[in-house]
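Heads up: the structure comes next, in structure tokens.
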Amino acid sequence: MGFLMFIILTIIFWGIAPLFGKMGLVKVEPVVGLALRTFIVSIALLVICLVTGKFAGLSQITMRDAFLISAEGICSSLLGHYTYYYALKLGDVSKVTPIISVYPVVTVFAAIMFLGEKFTWNKLVGLIVIIVGVILVKR
């Protein structure tokens, strides 16, 4: 039950976040907005880690772990959000966000190719539903 609560909260946070981004980018260049956002989030995470004592876990991170987590951050938080902010600034949030929501299609195929996950009928149906859903919302 615990993970379901986090899923619901994630849906809510990710659902409202583009509204703040779109409104905040009206007079701001996307790269500046992303830098500000990243700075504020970094400060908040630093405070949270200091207050909760989570920095003790740093000693358990291997170089491979650090590289992979850094690569995820570069792909998602830097490059992904950089291009996302430009899309938000230039397009309607109600169109940009659903179209971007097809990213699980890329994730599924990448997981199959690079992680050896199995391709199943359920995944195929799910991918089709995602694509059809985005097409319907986009209209």
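The values are calculated or read from the model by the stated rules, or taken from the named source; none is laboratory data. Worth saying up front: this structure is predicted, and the values here are computed from it rather than measured. All Cβ positions, glycine included, derive from the backbone under ideal geometry; neighbour counts span all protein chains shown. Protein only, heavy atoms only, side chains kept; ligands, DNA and RNA dropped before computing areas. Shrake-Rupley method; radii C 1.70, N 1.55, O 1.52, S 1.80 Å.
Summary of values
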{"read-out": "Whole-percent carbon and sulfur share, accessible surface of region 41-127, 1.4 Å", "value": "74"}
{"read-out": "Cα centroid separation, region 101-139 to region 52-82 (Å)", "value": "25"}
{"read-out": "Inter-site label distance for residue 63 and residue 13 at 7 Å from Cα along Cβ, in nm", "value": "3.2"}
{"read-out": "Cα centre as origin, Lys/Arg/Asp/Glu Cβ charges: the chain dipole, Debye", "value": "300"}
{"read-out": "Selection of trypsin sites (Lys or Arg not before Pro), region 1-95, meeting DSSP coil and at most 13 other Cβ within 10 Å", "value": "27"}
{"read-out": "Unit charges at the beta carbon, dipole of the chain: most positive-side option, 97, 109, 6", "value": "97"}
{"read-out": "Label zone at residue 20 (point 7 Å along Cα-to-Cβ), backbone N below 18 Å, region 70-98", "value": "77-78, 81-82, 84-86, 88-89, 93-94, 97"}
